[in-house]
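Data block below; observations after.
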Amino acid sequence: ATRTNNNNIQAKLVFLGDMGTGKTSLVLRFVRGQFFDFQESTIGAAFFTQILSLNEATVKFDIWDTAGQERYHSLAPMYYRGAAAAVIVYDITSMDSFVRAQKWIEELQRQGNPKLVMVLVANKADLERKVKSEDAEQYAQENGLLFIETSAKSAQNVNELFYEIAKRLVKAC
Ligand code: GDP
Ligand code: MG
């Protein structure tokens, strides 16, 4: 993250995770306050900006969403290059997506940026779970990630997710 002046911070924020976990839905919920039951996976502007004002500073997020490339389980390094924070999303109804989230996290760790803020997001909290929160929470703790359960559908914890990231960035900047 870069401090453009005393109280303004600009930060690149990338979303990672399996296709269908709700990355685009989380971004659209946050940026536009909208949710769509039938989201076309491969469509979507890949880039959004949103400003969050905290007491101590204003954070301008440059949010990078995938446009379907995650289908191939790989993303170009330029996708996460320069990111201040990464949000790794899994779907609580899919064990596969949780396993895949761990692969994305390992890939990020290999980039070797100790300052990168990473958040593991358990999305679709409005549905019946297959992945235990305790397992994910423990994994997050062991790997130094924040952990939060969200629902892009009900809006549960979506603003909180972005506020938590903003607070971390302000503290670190
Ligand atoms: P992406 O491929 O990770 O970007 O996932 P999308 O945002 O395209 O979402 C995939 C599907 O899951 C869509 O049909 C969404 O409507 C649905 N979805 C996303 N988030 C939630 C959620 O929190 N709860 C429920 N029930 N469905 C969700
Ligand atoms: Mg998407």
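Only the coordinates and a few stated rules stand behind these numbers; no lab work does. All values derive from a computational prediction rather than experimental measurement. Quick reminder, even Gly has a Cβ in these numbers, built from the backbone with ideal geometry, and neighbours come from all protein chains shown.
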task = Work from the charge dipole of the chain (Cβ charges, +1 for Lys and Arg, -1 for Asp and Glu, about the Cα centre) and give the residue of LEU161, THR150, PHE98 farthest towards its positive end.
result = LEU161
query = Order of 14-20, 103-109, 156-162 by packing, highest average Cβ count within 10 Å first?
reply = 14-20, 156-162, 103-109
message = With +1 assigned to the C-beta of every Lys and Arg and -1 to the C-beta of every Asp and Glu, and no other charges, what is the dipole magnitude of the chain about the Cα centre in debye, to the nearest 20?
response = 580
task = Would you mind checking the tilt of helix 133-142 against the longest principal axis of the Cα atoms of the chain, expressed as 0 to 90 degrees and rounded to 10?
result = 40
ask   = Helix 95-110 versus the longest principal axis of the chain: what is the Cα-based angle in degrees, 0 to 90, to the nearest 10?
value = 30
task = Please work out the Cα center distance from segment 53-102 to segment 120-173, rounded to the nearest Å.
result = 12
request  = Per DSSP H run of at least 4 residues, take -39500 (n - 2.57); add these up for the chain, divide by its residues and hand me the 222 nm value, nearest 500 deg cm²/dmol.
outcome  = -9500 deg cm²/dmol
key: C-alpha long axis of helix 23-32 to longest principal axis of the chain, angle in °   = 50
ask   = Kirkwood hydrodynamic radius for the chain: how many Å is it when counted over pairs of different Cα atoms?
value = 16.0
query = Out of ALA122, ALA101, ALA57, any idea which swings most in a Gaussian network model of the chain, alpha carbons joined below 10 Å?
reply = ALA57
